[in-house]
Amino acid sequence: MIGILAPVLVFSLVNTTVLYRQALKAADTAYDRTLLATAKSIGDLLEVSLEADRPHLKSTLLYSALEAFEADNRSRLYYRVTGFDGEIVSGFDALPAWHGRIPQKGPYAALVDFYDDHYRGTPVRVAVLLQPVTWAGGQGMATIQVAETLELRETLARSLLLDTLWRQAALLLLIAGVVVFVVQRATRPVQDLSLALRSRAEGDLAPLDDSGVPRELQPLVAATNHLMGRLSRLLDHQTRFVRDASHQLRTPLAVLKTQVQSAQRGDLEPQQALGEIGDTVDRATTLANQMLALAKVEQVRQQADAPVLDWAEIVRAVALDLSALIVEHQLDFDIDTQPAPVRGHEWALRELSRNLIHNAIKHGRDGGRLAIHLVTDARHAALTVSDSGMGITDEQRHRLFQPFSAGLGAGNARGGSGLGLAICHEIVSTLGGQIELDNRIVRGAVEGLDATVRLPLATTPK
């Protein structure tokens, strides 16, 4: 309301001032014509007498003759007639003499000038007329001044001003009423939308119904639905994490408690009991770390402006970290990488590479082959980790990327928590890439599994 009415009010004030000045000018034009007619009437009554062969100007006009030119009883007329030599012939001596100039292009066909002056401290409007006077044997120029007080002019201008102000006030009230009506009507969908959100049950993140929503609000509703979708996925992820954590950690903790009780009873040799307890603690620690890693992926998903890193350096660093495990399984190790600039957080790329290589070591055959190849094309970087395990079945292919789908290789006894590939899948999805698992078949037999991840390059080579 203020934003609309303030400039309108300023414009109205400026417009009113201009109109008032125009009204005064119009009043002056109208009443100046009366002053000119009065001056001409006085000029028509001038006479010339010759005394000692010198012309003397006479004016026999009585003031009562001017009453006919007075518009009402509030305004007063004053006049002064000046002779050929500047002498005062008749009229009011206190009326100031004229010292101006006749304009070259006046509004009337007469030698007349109009100006504002004061008579005994009272503002007046004066018309001065240079009246040619002729007599036998010569001619001269008489100066006739007629002044009028401004009461009538000011009354007319004030009347026009008040009429204009009433109209402007009515216009402002009309605009204010229209603004209130239009704003209330236009914001009703916003109020309905706000009411719908406030009346929702706690935890209800269903999309808002955009049917009947004005076109101007559709981007807001779409953005709100997108935000609710993100919040819904985040809450689902947190709920799933709490549920899985409570379920998955309960088993190793129960086993650990049983092993401690058994050791306290002396059922096993102390060294054997400590070894079993240590294995259980290691499995629980690995499980907890993987679950925390899976939860951290969602945090990485919410972060923007990931830096550009060389994936090849990270892969080689991870392979070096796992070198002891490679040696332990006596694997024939081969690594070949090309520079691969990708956009992602270092933790995510390290976790992705570590899980892929660790799975290949864990589910491969001891003494077999482990190959890591990282190549790039025009748009993508592709990391392939090849093991010499037993491959996967079609049934496993559909569930391996789900959390807690343990047992990668068909018939492989090396079970795990089933979170490694789930973590890889979530990281790849966050980085905008793809992950595939394919059996490597040679002469009709499965010789191992190829895990391939494709991520978009941060820059396109020219």
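Note on region 22-56: among residues that are of a type in the set (D, E) and at pLDDT below 80, the one that is nearest to S90 (Cα to Cα) is E51. Reported count of residues in region 236-248, each being modelled with pLDDT of 70 or more and either within 16 Å of N289 (Cβ to Cβ) or among the polar types (S, T, N, Q) (or both), is 2. Of S194, S211, all but one fail to be within 24 Å of the chain's Cα centre (by Cα) and either exposed (fewer than 11 other Cβ atoms within 10 Å of the Cβ) or closer than 30 Å to I4 by Cβ (or both); the exception is S194. Here the condition is being within 30 Å of V10 (Cα to Cα) and hydrophobic (A, V, I, L, M, F, W, C); of V178, V146, it holds for V178 alone. When region 128-158 is filtered for residues that are at pLDDT below 85 and among the hydroxyl-bearing types (S, T, Y), the ones remaining, listed by number, are T134, T155. Among the candidates L421, L400, the residue that is modelled with pLDDT under 85, part of a loop (DSSP other than H, G, I, E, B) and surrounded by 18 or more Cβ atoms within 10 Å (Cβ to Cβ) is uniquely L400. Residue-level analysis places G177 outside the set of residues that are at positive phi, without any contact (Cβ under 8 Å) to a residue 60 or more places away in the chain and out of contact with any Cys (no Cβ under 6 Å at 6 or more places or on another chain). Only residues in region 376-401 that are over 21 Å from R440 (Cβ atoms) count as the first member; pair them with residues that are in a strand (DSSP E or B) and small (G, A, S), Cβ under 9 angstrom, at least 6 apart or cross-chain, and list the lot. Close Cβ pairs (under 9 Å, with a partner that is in a strand (DSSP E or B) and small (G, A, S)) amount to T376/A382. The criterion of being out of contact with any Gly (no Cβ under 9 Å at 6 or more places or on another chain) and part of a strand (DSSP E or B) does not hold for V133. Just one of the listed residues (L156, L152, L171, L165) is in a helix (DSSP H, G or I), surrounded by 12 or more Cβ atoms within 10 Å (Cβ to Cβ) and either in contact with an Asp or Glu (Cβ under 8 Å, 6 or more places away or on another chain) or acidic (D, E) (or both), and it is L152. Select from region 350-372 the residues that are in contact with a helix residue (DSSP H, G or I) (Cβ under 8 Å, 6 or more places away or on another chain) and touching a residue at least 60 places away in the same chain (Cβ under 8 Å) and list them in ascending order. Within region 350-372, E351, L352, N355, L356, H358, N359 qualify.
The values are calculated or read from the model by the stated rules, or taken from the named source; none is laboratory data. Model, not experiment: these values are computed from the prediction. We place every Cβ from the backbone using ideal geometry, glycine too, and count neighbours over all the protein chains shown.
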